[in-house]
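Single-structure report; data block below.
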Amino acid sequence: MTYTPPTLDTFGYLTEDGANYLLGIMVGNESCVDRYYLALSAVVPTVHNSAEDLEEPQAADYARLPGTAAIDWMAYGGAVFNDVDLTFTATSDWGQVRGWALLDSPAGGRVLFAGFFAEPVELVAGAVTYPRGSLAVAMSVMDWAISPEGT
Amino acid sequence: MAGFITSDGAVYLARLATQRVLPPAQYWLTLTRSVPAPFLSTEELDEIDAPDYARAPIAADGLSWAASGTTVANTVEVLWGVPGADWGDVQGWALLDSPQGGSVLYGGDLGITWTIGAGMQPVMAPGQLNLSITVSSWALEI
């Protein structure tokens, strides 16, 4: 099975851990990770979720997608999108997934970005590809806040 | 005193997260006579133009900022020079990546008109500069 994700009908967001991560990179409290790991989830992750809150497929052949190096994500304007095709290959049925998450570890770790599919996706044996440019995170500059207090 | 990330700031964070740039050794905080807009370039900033005015540095070294949830705050004083003459009124501020020129990463409204006279060294105390991210503001499309 080759599944092509729909366009413009699924949405995602930066999580609290993701916000902490970005600010940490910016001010030198931590370094940008070398790799991001894409996970699928039976439940839609929230902005507060940890990795333990995800319901990833339990199939033996499921693993978070490796090889998503940070450099494989492209910055374009205020958006980030995958700059390479991202493909899961299943040899068994993985069940239904409703959401996805981008983490900083192949197991456990922090949920940095997350999203949901407009419609649940039933994953059967085969390949699931997210083509280059199909995962995009856009920033809304007006909703971010920084404030010097007490001046 | 609400502030905002600028369009250049959003680009900058996106590039940081994808290893297109590395954070600088330090950032630079400037005072402006009017409140900057989110889409300003550095040339459009209404900075103090006194001959002895310079942007104030703050390091990006893992020691000068402390994180709390989705906010980081300065742990060290941000010090401008001592004005030799009046610098006048300021109403806004901006965080940049360079002592001159550079990109405006964040901007904001001081919420007051701050009159800086000769000998009045502006200082931002630890904890007064807060950088926050509103997580619900991101949208992702597949």
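Derivation of every value follows stated rules applied to the coordinates shown; laboratory data play no part. Note that this is a predicted model, so its numbers are computed, not measured. Cβ atoms come from the backbone with ideal geometry, glycine included; neighbour counts cover every protein chain shown.
Roughly how tilted is helix B:7-17, in degrees to the nearest 10 and between 0 and 90, from the longest Cα axis of chain B? Its long axis makes an angle of about 50 degrees.
Between B:ALA66 and B:LEU79, residue separation times 0.36 nm minus the direct Cα-Cα distance comes to 2.9 nm.
Counting Lys +1, Arg +1, Asp -1, Glu -1, what net charge surrounds A:VAL27 among other residues with beta carbon under 13 Å of its beta carbon?
Values: positive: none; negative: A:GLU30, B:ASP61, B:ASP97.
Summing Lys and Arg as +1 and Asp and Glu as -1 gives -3.
For the segment B:58-68, counting C-beta atoms of other chains within 10 Å of every residue's C-beta and taking the mean gives 4. With unit charges on the beta carbon (Lys/Arg positive, Asp/Glu negative), name the residue among B:VAL78, B:ALA118, B:ALA54 whose Cα is farthest towards the positive pole of the charge dipole of chain B. Farthest towards the positive pole: B:VAL78. Legend: ranking of residues A:MET74, B:MET124 from fewest to most surrounding C-beta atoms inside 10 Å; resulting order A:MET74, B:MET124.
Between A:GLU55 and B:SER98, what's the calculated FRET efficiency when r is the beta-carbon distance and R0 is 35 Å? Round to 0.05.
Values: r = 46 Å, r/R0 = 1.30.
Working from the Cβ atoms, E equals 0.15.
I need the per residue convex hull volume for chain B, using only the alpha carbons, in cubic angstrom as a whole number. Can you show the working numbers first?
Values: hull volume 16.4 nm³, N = 142.
Expressed per residue, the convex hull around the Cα atoms of chain B is 116 Å³.
Think of each Lys and Arg Cβ as +1 and each Asp and Glu Cβ as -1; about the Cα centre, that makes the dipole of chain B roughly 420 debye.
A cut-off of 5 Å between modelled amide H atoms, ignoring neighbours fewer than 5 places along the same chain, links B:TRP65 with B:THR75. Legend: calculated FRET efficiency, A:ALA63 to B:VAL21, from the Cβ-Cβ distance at R0 = 30 Å, rounded to 0.05, equals 0.45.
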